[in-house]
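Presented below is the structure to which this report refers.
The values are calculated or read from the model by the stated rules, or taken from the named source; none is laboratory data. Please read all numbers here as calculations on a predicted model, not as lab measurements. Counting neighbours? That spans all protein chains shown, and the Cβs are built from the backbone with ideal geometry, glycine included. In case anyone asks, the SASA skips ligands and DNA or RNA and just uses the protein heavy atoms, side chains included. Shrake-Rupley method; radii C 1.70, N 1.55, O 1.52, S 1.80 Å.
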Amino acid sequence: MEANTPQFKLILGSSSTARRKILADMGYQFTTMSADIDEKAIRKEKPEDLVMALAEAKAEAIIPRVSIGESEGAAEPTLLITCDQVVVYEGVVREKPSSEAEARQFMKDYANGHAATVSSVLVTNLATGSRRGEWDKVEIYFHDIPDQVIDKLIEEGIVLYAAGGLIIEHPLVLPYIKEVVGSTDSVMGLPKALTERLIKEVL
């Protein structure tokens with residue numbers, strides 16, 4: 001990376017705590033804006049197409065709310081990062097569980113089995129309009145997950161807000177992860193290496 005890399009402003013188009021933490025860990029300073037879109041209105045056959053379409057829709061919803069003065073003629077361009085993620089189990093896309101019963105079923109399915117996360121990252125340079133996006137897939141293999149662990153997770157409630165009811169970095173879940181093929185930051189919603197590359201590509 002050259003020392004004279006142009007400076008830029010960064011907006012993370014997500015309200016996810018995990019994504020904010022990952023981006024901060026990468027050493028970036030940024031502001032956050034969340035896109036208020038109806039995700040259920042966007043449907044694609046393939047999970048890879050779905051997460052890309054959702055990241056695009058989030059960007060389209062946020063861009064008009066960024067004041068033009070900030071990106072026009074500013075010395076530093078403003079980059080917007082939008083993302084999405086789904087969990088895929090046996091070829092079926094899973095979004096956030098609609099109920100505790102569904103969350104429980106999701107976790108019972110993963111026990112002794114495997115699931116995948118498909119995450120998209122889209123970086124838009126608001127000064128030039130240049131936009132690059134890609135998806136990343138991670139396979140996660142599980143040991144058996146005891147019922148009492150599932151009960152605890154549901155009682156605590158965080159899994160009800162996670163795609164596919166899946167949080168691999170959770171201390172209760174970690175002991176039951178057999179193998180992760182790919183990067184943990186991607187499972188948490190923001191693949192670091194991919195995000196870095198896309199930022200460079202739009203500058």
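Summary table
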quantity	calculated
Options (i) 58, 37, 28; (ii) 52, 36, 29; (iii) 51, 38, 33 - which one matches Cα extents along the principal axes in Å as calculated here	(i)
About the Cα centre, charge dipole magnitude for region 111-203 (Lys/Arg +1, Asp/Glu -1 at Cβ), debye	540 debye
The chain: most fluctuating residue of D136, D84, D25 per GNM, C-alpha cutoff 10 Å	D25
Sites matching chymotrypsin sites (Phe, Trp or Tyr not before Pro) across region 9-106 that sit in DSSP coil, with at most 11 neighbouring C-beta atoms within 10 Å	none
Enclosed volume per residue, in Å³, of the convex hull spanned by Cα atoms of region 76-139	104 Å³
Candidates Q148, Q29, Q85: whichever shows maximal mean-square fluctuation once the chain is modelled as a Gaussian network with Cα springs under 10 Å	Q148
Most positive-pole-ward Cα, F106, V138, T31, against dipole of the chain from beta carbon charges	T31
Cut-off 10 Å between beta-carbons: net charge of the residues surrounding A115, Lys and Arg +1, Asp and Glu -1	-2
Student exercise, region 2-140 dipole from Lys, Arg, Asp, Glu Cβ charges, in Debye to nearest 20	220 debye
Electrostatic dipole magnitude of region 63-132 [Cβ: Lys, Arg +1; Asp, Glu -1; Cα centre; debye, to 20]	100 debye
GNM result for the chain, Cα springs below 10 Å: residue of R104, R43, R65 fluctuating most strongly	R65
Within the accessible area of region 70-138 (1.4 Å probe), percent carbon and sulfur	43 percent
Nonlocal amide H pairs with T78, under 5 Å, H built at 1.01 Å	K9, L126, A127
